[in-house]
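Asks: Sharing a structure below in structure tokens format, with a few things to ask.
The values are calculated or read from the model by the stated rules, or taken from the named source; none is laboratory data. Since this is a predicted model, take the numbers as computed values, not measurements. Virtual Cβ from ideal backbone geometry, glycine too; neighbours counted across all protein chains shown. Just so you know, the surface numbers come from the protein's heavy atoms only, side chains and all, with ligands and any DNA or RNA stripped out. Shrake-Rupley method; radii C 1.70, N 1.55, O 1.52, S 1.80 Å.
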Amino acid sequence: MTIRTSLLTLAVVATTGLVPATAVPEFRGVAVPVTASEPVYSYPGAVRETVWVDTGLTAPDGQRVRVAADVIRPSDAPGRVPVIMDASPYYLSLGRGNESQRKAYDSAGRPTSFPLFLDNYFVPRGYAVVQVDLAGTGRSTGCVDVGGPADITSAKAVVDWLNGRATGYSAVTGGTPVPASWSTGAVGMIGKSWDGTVANGVAATGVAGLKTIVPIAAISSWYDYYRATGATFPTGDPAGLARVVENAQGAAGCASVKSALTAGAPASGDLTPMWRARDYVAGAANVRASVFAVHGLNDLNVKALNFGQWWSALPASVERKVWLSQTGHVDPFDFRRAAWVDALHRWFDHYLLGLDNGVQDEPRSTVETAPDVWRDDPAWPVPTTPTTLRPTPGTTAGVGTLGTPTPTPGTTASLTDNRSDEYTWITNPTTTSLARVLYRTAPLATESRISGTPSITITATPSTTAARLTAVLVDYGPTTTRAARDPGEGIANLTTRSCWGPSTPSDSSCYLDTRTTTTTSQQTVIARGWADLGHHAGLDSRRTLTPGTPYAITFPLATTDHTLKPGHRLALVIGSTDSPYITPAGTNPRLTVDLSKTSLRLPLQGAV
């Protein structure tokens, strides 16, 4: 055994309570602090087992719901170990990660392959990894309710089991109780997309034992995944998503659950009780776990607003860190691999093993400012000044300036919905377009930074009884960014692989390497937001519009962090149906925008 291995072993023993926590390892009489776990435990010899945890839920057939928790943990650890947990609906359906890995089992039903690198890397370092099939998916019983109580309770029950508050069994029905006597009770939840969403939801319950969460590209409100201030995204519906991931038992016995999902997601865009039950922001005040959030600023699957509103709602007492990339819906393991594994290792060592490595005192914010160029800041968002900008017409119809002066009362501009898209609208910024209006600042004298969540108030008079609105922030000036609109959303796979821990014949630690893909343009979309004008009075009920009557509506744009270079111009573009991202209102209205009652609010560092 090497000297460092000896020190680690003593440190792990100290954190599991087998010796006093004050014990400090020594080498030749000199105290040596242990600040990192090391791979000293056998990965091939690790315990691999499935435990079915009773969630306390009842399925439509009256049976108690049990979820499958696949566990891999060191067999040779000197004491109890903490847990890294990923609860997902995808393990036996779409798979996880860039290579769509799925769980695998031997002839006796024991797990042999755990998707992603977490097991290969962390089990040798003294952690258990637990991968949970959400209710109605994989090998679990029950029904998929897409972010609802069953999803959250599925994962929370496993946290409770790991802390001795719930019962696990050796079989999906019947069986004998299986205690998690090997667990310290310290749990860190991690996951991308739906998996990270569940981490947010469980943290919002305030469950004891959940020490940290690492939500990657995660939803914080399912309403804001499917809707934008009443406008509908063309991304399907919750019942359809349930059908994608549910197992055969769920497909056969959960029709009533899917019917409730459909009824709770009306095409009107109303904020129903079904959506409210899936709003974790409302419970953010309950969060006790630390949060390491990761989001792509160009994620048009889980829009960055989901990160921004969650981050803002967290209590000030919550220790936190964020990475914001230029990618789309991409895992940091695939866009900044070595740095990510190191950062995650140090984060879990501190919050789950209790090692004093100083990670909590490091910069809380890391933002990708250009492809593979990262900037650290003490906190996020950075200090900004709330700045209100207003559009003023110029000499060309539908084109003007963006600045602080208020236009003369009654100043208007008009556009007609042709169901086009923002990328068409932002070209030719000095010419008239019947489908949009566009307003730009003068060239910037100094660098400026937008950091946070912009919002806009638009006062518009429709010609029809229903209308959509789109607002787009644009940076005009030559800019190279990640190619987030490409199929890889900012990355592309290579043919080489890198390995992150030991492997077994059935579970490789080696993953395809990636490269950054880039694009250069004279106009770059910074953020966009959408709304249904019929929700001008609130989200609870869509109103039928009266043609010729003005309505004011305020709505957020995507959370962002973007630096505008000197010489560039910031622009606001207003259109109607942004066809790649929202569905039309059923009509092609003409909209007259009252510029004197339209304003953009920016969290701005610097000036424009």
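Asks: Based only on the alpha carbon positions, what is the Kirkwood hydrodynamic radius of the stretch 477-541, in angstrom?
Replies: Kirkwood radius, the stretch 477-541: 16.1 Å.
Asks: If you fit an axis through the alpha-carbon atoms of helix 149-162 and take the longest principal axis of the Cα set of the chain, what angle between them do you get, 0 to 90°, nearest 10?
Replies: Here the helix axis deviates by roughly 30 degrees.
Asks: Rounded to the nearest 10 Å², what accessible area does Cys510 show when all protein chains are kept and the probe is 1.4 Å?
Replies: Number for this one is 30 Å².
Asks: DSSP beta bridges in the stretch 297-441, what fraction antiparallel, as a percent rounded to 5?
Replies: About 60 percent, rounded to the nearest 5.
Asks: Take a quick pass over the chain and tell me how many lysine pairs come in under 22 angstrom between Cα atoms, counting only ones 8 or more apart or on separate chains.
Replies: For the chain, qualifying lysine pairs total 9.
Asks: As I understand it, the dipole of the stretch 229-324 uses +1 on the Cβ of Lys and Arg and -1 on the Cβ of Asp and Glu, about the Cα centre. Which of Cys254, Asn286, Thr232 lies farthest toward its positive end?
Replies: Asn286
Asks: Round to the nearest 0.05 the FRET efficiency obtained for Ala379 and Arg485 when R0 = 30 Å and r is the Cβ-Cβ distance. Mind dumping the intermediate values first?
Replies: Details: r = 30 Å, r/R0 = 1.01.
Efficiency, from the Cβ-Cβ distance: 0.50.
Asks: Separate question: Spelling out what I want: for every residue of the stretch 194-211, take phi, set θ = phi - 60°, compute 6.51 cos²θ - 1.76 cosθ + 1.60 (Karplus), and round to whole Hz; glycine and proline get x.
Replies: 4, 4, x, 4, 5, 4, 4, x, 5, 4, 5, 7, x, 4, 5, x, 7, 8
Asks: Follow-up question, since we're still on this one. Need the full-extension length gain, Thr388 to Thr431, defined as separation in residues times 0.36 nm minus the C-alpha distance. One decimal, nm.
Replies: 13.0 nm
Asks: So if each residue of separation counts as 0.36 nm, and I subtract the Cα-Cα distance between Ser506 and Ala397, what length gain in nm does that give? Display every interim value, and only then the final one.
Replies: Numbers: separation 109, 0.36 × 109 = 39.24 nm, distance 6.50 nm.
Value of the extension gain: 32.7 nm.
Asks: Can you compute the charge dipole magnitude of the chain about its Cα centre, using +1 on each Lys and Arg Cβ and -1 on each Asp and Glu Cβ, nothing else charged? Give it in debye, rounded to the nearest 20. Could you put the intermediate results ahead of the total?
Replies: Numbers: 49 positive and 48 negative charges, 148 e Å.
Using only the charged Cβ atoms, the result is roughly 720 debye.
Asks: Please give the Cα centre distance for the stretch 286-346 versus the stretch 184-205, rounded to the nearest Å.
Replies: 13
Asks: Right, something else. With point charges of +1 on the Cβ of Lys and Arg and -1 on the Cβ of Asp and Glu, referenced to the Cα centre of the stretch 447-512, which listed residue (Val472, Leu512, Ile450) lies farthest in the positive direction of the dipole?
Replies: Val472
Asks: Viscosity 1.306 mPa s, temperature 10 °C: give me the Stokes-Einstein translational D for the chain in µm²/s, with Rh taken as the Kirkwood radius over C-alpha pairs.
Replies: Answer, rounded: 62 µm²/s.
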